[in-house]
Amino acid sequence: MSLPRLLVLTDRTQCRGSLTATVAAAVDAGARAVVLREKDLPLAERSRLAGQLRALLDPVDGVLVWAGAAGSAGRTAVHLSAADPLPAPRPGWLGRSCHSAAELARARAEGVDHAFLSPVFLTASKPGHGPALGLPGLAELVSHGPPVFALGGIGPDDVPGCLAAGAWGVAVMGGVMRDPSSVREHLAALAG
């Protein structure tokens with residue numbers, strides 16, 4: 001499984017319509033990797049939602065990434081929080097959220113495929129989460145871990161700076177959940 005340059009994270013509370021419709025629009029705009037968060041849902045409901053999202057991604061050879069250790073058994077792609085234990089057996093694609101050099105070094109030692117490094121910028125999606133690393137902080141930390149996706153307040157105009165700072169790609173939640181068509185702008189910036 002090749003590592004995409006854009007990961008879309010879900011947050012149904014920011015969608016104008018249903019989460020499924022929002023992800024469908026993001027996929028239509030070019031998204032090929034979606035991280036299903038929604039950890040507050042009961043496991044059965046979250047699993048049902050995962051099936052709906054997989055049905056949108058499968059026809060375009062996309063991937064659905066399950067967020068969190070709970071319910072991750074048997075999943076092809078999993079993204080862990082900084083504190084989650086490693087799942088056994090290891091999924092084919094494994095990522096971890098990181099916020100420091102130590103967490104990135106741990107992710108590298110664990111052999112994870114990617115890390116989210118956040119928050120690069122302050123974000124309305126997670127008010128009070130920070131302080132923001134900024135591009136200098138991102139540049140200082142990326143070498144400590146596996147390929148890094150910049151996360152936190154990333155808009156299309158921020159993509160070139162994130163890439164120049166050493167990020168492999170970007171992970172976006174609020175911007176895409178509020179406007180799924182913005183995937184096109186993110187992808188264009190990643191390709192530019």
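The values are calculated or read from the model by the stated rules, or taken from the named source; none is laboratory data. This one's a predicted model, so the numbers in the text were calculated from it and none came from an experiment. Note that we place each Cβ from the backbone using ideal geometry, even for glycine, and neighbour counts take in every protein chain shown. Surface accessibility is based on the protein's heavy atoms, side chains included, excluding ligands, DNA and RNA. Shrake-Rupley method; radii C 1.70, N 1.55, O 1.52, S 1.80 Å.
Inspection of the range 67-77 identifies at least one residue that is out of contact with any helix residue (DSSP H, G or I) (no Cβ under 8 Å at 6 or more places or on another chain), surrounded by fewer than 16 Cβ atoms within 10 Å (Cβ to Cβ) and among the polar types (S, T, N, Q). Being over 24 Å from Ser181 (Cβ atoms) and either out of contact with any helix residue (DSSP H, G or I) (no Cβ under 6 Å at 6 or more places or on another chain) or touching a residue at least 60 places away in the same chain (Cβ under 8 Å) (or both) holds for only one residue in Ala132, Ala105, and it is Ala132. Only one entry of Arg90, Arg108, Arg75 meets the criterion of being assigned to a loop (DSSP other than H, G, I, E, B) and over 17 Å from the mean Cα position of the chain (by Cα), and that entry is Arg90. Within the range 37-66, the set of residues being outside any helix (DSSP H, G or I) and either open to solvent by 30 Å² or more (accessible area, probe 1.4 Å) or touching a His at 6+ places or on another chain (Cβ under 9 Å) (or both) comprises Arg37, Lys39, Asp40, Pro42, Asp61, Val65, Trp66. The set of residues in the range 88-112 that are of a type outside the set (Ser, Thr, Tyr) and surrounded by 18 or more Cβ atoms within 10 Å (Cβ to Cβ) comprises Pro91, Trp93, Leu94, Gly95, Arg96, Cys98, His99, Glu103, Leu104, Ala107, Val112. The combined condition, being of a type in the set (S, T, N, Q) and within 17 Å of Ser72 (Cα to Cα), is fulfilled by Ser97. Regarding Ser81, is this residue of a type in the set (Ser, Thr, Tyr), at pLDDT 95 or above, out of contact with any helix residue (DSSP H, G or I) (no Cβ under 6 Å at 6 or more places or on another chain) and within 17 Å of Leu151 (Cβ to Cβ)? Yes, satisfied. Look at Pro131 and say whether it is out of contact with any strand residue (DSSP E or B) (no Cβ under 9 Å at 6 or more places or on another chain) and either in a loop (DSSP other than H, G, I, E, B) or at pLDDT below 95 (or both). For Pro131, the condition - out of contact with any strand residue (DSSP E or B) (no Cβ under 9 Å at 6 or more places or on another chain) and either in a loop (DSSP other than H, G, I, E, B) or at pLDDT below 95 (or both) - is met. Would a scan of the range 126-135 turn up a residue that is under 16 Å from the mean Cα position of the chain (by Cα), within 23 Å of Arg96 (Cβ to Cβ) and open to solvent by less than 50 Å² (accessible area, probe 1.4 Å)? For the range 126-135, residues under 16 Å from the mean Cα position of the chain (by Cα), within 23 Å of Arg96 (Cβ to Cβ) and open to solvent by less than 50 Å² (accessible area, probe 1.4 Å): absent. For the range 24-60, a residue qualifies if it is touching a Lys or Arg at 6+ places or on another chain (Cβ under 7 Å) and not hydrophobic (A, V, I, L, M, F, W, C), and the qualifying residues are Gly30, Glu38. Contact annotation: residue pairs with Cβ atoms under 8 Å, 6 or more positions apart or on different chains, pairing a residue in the range 11-35 that is closer than 10 Å to Pro180 by Cβ and among the charged types (D, E, K, R) with a partner that is open to solvent by less than 50 Å² (accessible area, probe 1.4 Å) and at pLDDT 95 or above, are Arg16/Thr22; Asp28/Pro180. Looking at the range 18-30, is at least one residue buried (at least 19 other Cβ atoms within 10 Å of the Cβ) and under 27 Å from Pro89 (Cβ atoms)? Among the residues of the range 18-30, not one is buried (at least 19 other Cβ atoms within 10 Å of the Cβ) and under 27 Å from Pro89 (Cβ atoms), which makes the answer no. On inspection, Asp158 does not qualify as touching a residue at least 12 places away in the same chain (Cβ under 8 Å) and out of contact with any helix residue (DSSP H, G or I) (no Cβ under 9 Å at 6 or more places or on another chain).
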